[in-house]
Amino acid sequence: MKLFNNSDKIFNLFLLVLVSAVCFLWIVEEQLEVIFDYDRYGYGVTLAVLVVCYCLSVLAKKIHIARIVVFIYLVSYLLFLTIITFLQAANTGTIYTVASTLQWVPVLYIVSFLFLPTRQAIFSALGIYCVMLTLLFVAHVDVFELKNTVLQAMLLNAALSQSVCIFCLFGVVKLKRTKDASNLRAEKMEKAANIDGLLGIGNRRMLQSRLSTMASGYTPFSLLLIDIDHFKAINDTHGHLIGDDILREMTQNIESSLRPEDTIGRWGGEEFLVLANGTELAIAEKLAERIRLAVEKQEFTTVGRVTVSIGVAQFQPNTSVSHTFSIADKALYEAKNSGRNQVATAQT
């Protein structure tokens, strides 16, 4: 989504820059008295189209339609203008208009590669370039009996420079696609490295990273270390596949008791760790008790009732994360030794 938003902003900025450029060019050509009547009409229509498309994009949120209209109009207008000014230069020998028009043709290639899918951009750019080659061919045969070598040389330079422009734009797009694909793979690998493959929640690596981040902040937080009671007996009696099912159901049960700001992850084996963000010890104890009761009430597949023991500890700014986890672990050990299916709170 972010990529799309950036592309939309670039398109809107492009329209504003183009409007400013057309206005400036119109004023300069009027002052220098080198403008033709068809240029006046063309500039006026161009400004109207660009303003309408800007309104479509920004106000009506029809940016896809605005892009299509802008691209079709610019291609039609600049190619038509190129042909007209070429014929004018062929007949009168005046090359200013065709020279100024050719300078704007690369904008079509840029628009193609910026706002069209790569395949469409390539075909569009090649189609536009074919018009340039056609004009170059006509200029060097006896169709108009041209004697203007400057015009012939200018068209040849334009054709060569535009071919380089297309090649460079394609290279930039190709590199960007490669970079995007590489970033996507890196994101997937990063996600896979931080997610437990069985349960789809964060693993120990993710929890440790999150703990480091939270410890560097100023918001209080507490740890809830959760252990499934008699889980080894479940595996021994019903097998590891049933054990995996219990872990999945347990994950869903615990998640249903958490708040949006809390984070759950699998610490290892049948142990879960909940990071209760912005939570002091008393509130964390209530949260742990809510989790314990929800688990106690659930009928798990095949095995029926399952319970958990929970150790709770609050992080203190003058201590370390490892110390906080250590006392949470001791609280869990206390809950286990006190008969299981209990919440024990570590007093720091």
Conditions (1) surrounded by fewer than 18 Cβ atoms within 10 Å (Cβ to Cβ); (2) at pLDDT 95 or above: number failed by Arg204: (2)
Counted residues, segment 331-347 - those being surrounded by 16 or more Cβ atoms within 10 Å (Cβ to Cβ) and in a loop (DSSP other than H, G, I, E, B): 3
Index of the failed condition, Thr279 passing every other in (1) modelled with pLDDT of 95 or more; (2) surrounded by 17 or more Cβ atoms within 10 Å (Cβ to Cβ): (1)
Filter result (within 22 Å of Gly339 (Cβ to Cβ) and either touching a helix residue (DSSP H, G or I) at 6+ places or on another chain (Cβ under 7 Å) or modelled with pLDDT of 95 or more (or both)) within segment 234-250: Ile234, Asn235, Ile246, Met250
Close pairs (6 angstrom Cβ cut-off, 6 or more residues apart or separate chains): touching a residue at least 40 places away in the same chain (Cβ under 8 Å) and over 18 Å from Ala346 (Cβ atoms) in segment 207-233, outside any helix (DSSP H, G or I) and of a type in the set (Lys, Arg) anywhere: Asp229/Arg340
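Where in segment 134-250 are the helices (runs of 4 or more DSSP H), entirely inside, with at least 3 residues that are charged (D, E, K, R)? Walk me through it before giving the result.
Details: elements: 149-194, 204-215, 231-238.
Answer list for segment 134-250: 149-194, 204-215.
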Residues (open to solvent by less than 50 Å² (accessible area, probe 1.4 Å) and among the aromatic types (Phe, Trp, Tyr)) located in segment 39-77: Tyr43, Phe71, Tyr73, Tyr77
Any hit, segment 123-145, residues being modelled with pLDDT under 85, surrounded by 14 or more Cβ atoms within 10 Å (Cβ to Cβ) and among the β-branched types (Val, Ile, Thr): yes
Residue match in segment 301-318 (condition: more than 16 Å from Glu280 (Cα to Cα), of a type in the set (Phe, Trp, Tyr) and out of contact with any His (no Cβ under 6 Å at 6 or more places or on another chain)): no
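The values are calculated or read from the model by the stated rules, or taken from the named source; none is laboratory data. Treat the numbers as computed from the prediction; the structure is a model and nothing was measured. Ideal geometry is used to build each Cβ from the backbone, glycine not excepted, and the neighbour counts take in all protein chains shown. Heavy atoms of the whole protein, side chains included, go into the accessibility calculation; ligands, DNA and RNA do not. Shrake-Rupley method; radii C 1.70, N 1.55, O 1.52, S 1.80 Å.
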